[in-house]
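Right, one structure below, let's go through it.
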Amino acid sequence: MPEYAYRIITNDGKEKKGTMDAKTPEQLNQILKSQGNIVLSVGEVGLMQKDFNVSFGQKKVKARDFSIFCRQIVSIIKAGVSIINALEMMKDSTENKTLKLALAGVHEDVSKGESLTSAMRKRKKVFPEMLCNMVEAGEASGGLEIAFSRMAVQFEKEDKLRKSIKKATIYPAVLVVLMIGLMFLLLMWVIPTFMGMFDEIGTEMNAYTQSIVNLSNFVQANWLAMLVVTFGTVFGLRWFGTTKPGKVFFGSLALKFPIFGPLQTKTACARLGRTLSTLLGAGIPLVEAVEITARSMDNYHFKNAMEDAKDQIMRGRSLSQPLKGSGLFPLMVSYMVGIGEETGNIEEMLENIADYYEDDVQVATDALMALLEPIIIIIMAVVVGAMIIAILMPMMDLYEALG
């Protein structure tokens, strides 16, 4: 299905640009108007425009948005409402604009006789593959309500897991950025101001204060070059992280990094258990479920281990064997999966794994925050204090001389 660029005036009077899949420009025009928008233009997407919109144009639908959507649609279906009417109600009540537009397109396609799965897969940039597979299994078995209910739990757990990881990484990063910003402020403006006063009255600098002054002079003379190098390094590392060697390197570094390494492993175990149990519970074949789980992994090495597990399962081996052989997953994971395979209760075992490691990630995150927060604050106090001392020392020497 072709992709078209659009420019509209939304209900609140704001201009918005974006891209969306549609059969024809007329169909997209109709979808946008049905949302109460004023359509300014609809046309084919050029290469540069397409790249820009994919990266920045559309607001990504978060796991929390999907969990709310799944919960609401389960409630509507339980009330005996048809799926067409349920979609119409959802597209009007959904707050996320990207999801709203996608649901409008899905509603139109389903109204014309297409299956819900087919309509959702046309908008694969919005709807995750796992959700589409679960809906397909639900439509085939007549258990669409169960499929959406399982996915609601999946998205809720995923949202909670991601928030725990963000909490462990973003807060320390913010403190570090604040510390660097404060150092920059002191070196660029505060220290030069005081040093200018000392030069006017002829105060002699000690070696320690002079070293801070030299650092301040260097920063003032080269701040633009330092800024360019910093941004260049950040963007260079981000680009390198998208390549295979970069994924291997950063994946290995993340696993070896103290404190954060075990947290990565626990997160992967939680995602393995939750995703596989959800898919297998909906009747998705094991090979396909493992393949989808592999794509959900953030770390390259865990992703590679799950892809290898899929290949070995296709050759007749059990899931527990490649998990154990990878050396990445704790032995408890492979043992519990093995017990589930022997007893025919692998879904419940995977769910137990997910529950255990999700709780463990939360505990580890809280412990990490309790450890890092005082350490970063102490480092900040030491760095800032060292610069303040460099300012105070000449002042003390001056007071002593006057005394």
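The values are calculated or read from the model by the stated rules, or taken from the named source; none is laboratory data. Just so it is clear, the structure is predicted and the values come from calculations on it, not from any experiment. Note: ideal-geometry Cβ built from the backbone for every residue, glycine included; neighbour counts use all protein chains shown. Just the protein is used for accessible areas: all its heavy atoms, side chains included, with ligands, DNA and RNA removed. Shrake-Rupley method; radii C 1.70, N 1.55, O 1.52, S 1.80 Å.
For region 110-138, residues that are assigned to a helix (DSSP H, G or I), within 30 Å of the chain's Cα centre (by Cα) and of a type outside the set (A, V, I, L, M, F, W, C) total 7. Selection of first residues in region 264-278 that are more than 10 Å from Lys157 (Cβ to Cβ) and touching a residue at least 24 places away in the same chain (Cβ under 8 Å) and of second residues that are open to solvent by 10 Å² or more (accessible area, probe 1.4 Å) and small (Gly, Ala, Ser), restricted to Cβ pairs under 6 Å at least 6 apart or on distinct chains, gives the following pairs, ordered by first then second residue: Gln264/Ala254. Name the residue that is modelled with the highest pLDDT, counting only residues in region 218-261 that are under 28 Å from Ala364 (Cβ atoms) and open to solvent by 100 Å² or more (accessible area, probe 1.4 Å). That would be Phe249. Among residues that are surrounded by 13 or more Cβ atoms within 10 Å (Cβ to Cβ) and in contact (Cβ under 8 Å) with a residue 24 or more places away in the chain, Gln210 is not included.
Each residue in region 132-172 was checked for being in contact with a Lys or Arg (Cβ under 8 Å, 6 or more places away or on another chain) and among the aliphatic types (A, V, I, L, M), and 3 pass.
Checked against (1) at pLDDT below 90; (2) of a type in the set (Ser, Thr, Tyr); (3) open to solvent by less than 20 Å² (accessible area, probe 1.4 Å), Ser296 passes all but a single condition, namely (3).
Which of the residues belonging to region 299-331 are open to solvent by less than 40 Å² (accessible area, probe 1.4 Å) and either hydrophobic (A, V, I, L, M, F, W, C) or touching a His at 6+ places or on another chain (Cβ under 9 Å) (or both)? Once the filter is applied, which keeps residues that are open to solvent by less than 40 Å² (accessible area, probe 1.4 Å) and either hydrophobic (A, V, I, L, M, F, W, C) or touching a His at 6+ places or on another chain (Cβ under 9 Å) (or both), region 299-331 yields Phe302, Ala305, Met306, Ala309, Ile313, Leu319, Leu323, Phe329. Within region 314-338, residues that are over 13 Å from Gly273 (Cα atoms) sit with their Cβ atoms under 6 Å from residues that are open to solvent by 10 Å² or more (accessible area, probe 1.4 Å) and of a type in the set (D, E, K, R), at 6+ positions apart or across chains, in these pairs: Ser318/Glu341; Pro322/Asp308.
Contact map, region 342-353: residues that are open to solvent by less than 60 Å² (accessible area, probe 1.4 Å) and assigned to a helix (DSSP H, G or I) paired with residues that are among the basic types (Lys, Arg) and at pLDDT below 90, Cβ distance under 8 Å, separation 6+ or inter-chain. Pairs shown: Leu350/Arg274.
Just so you know, in region 356-378 the residues that are touching a helix residue (DSSP H, G or I) at 6+ places or on another chain (Cβ under 8 Å) and surrounded by fewer than 16 Cβ atoms within 10 Å (Cβ to Cβ) include one that is nearest to Thr169 (Cα to Cα), and it is Met369. Scanning region 74-97 for residues that are part of a loop (DSSP other than H, G, I, E, B) and either of a type in the set (Lys, Arg) or under 18 Å from Met134 (Cα atoms) (or both) yields nothing.
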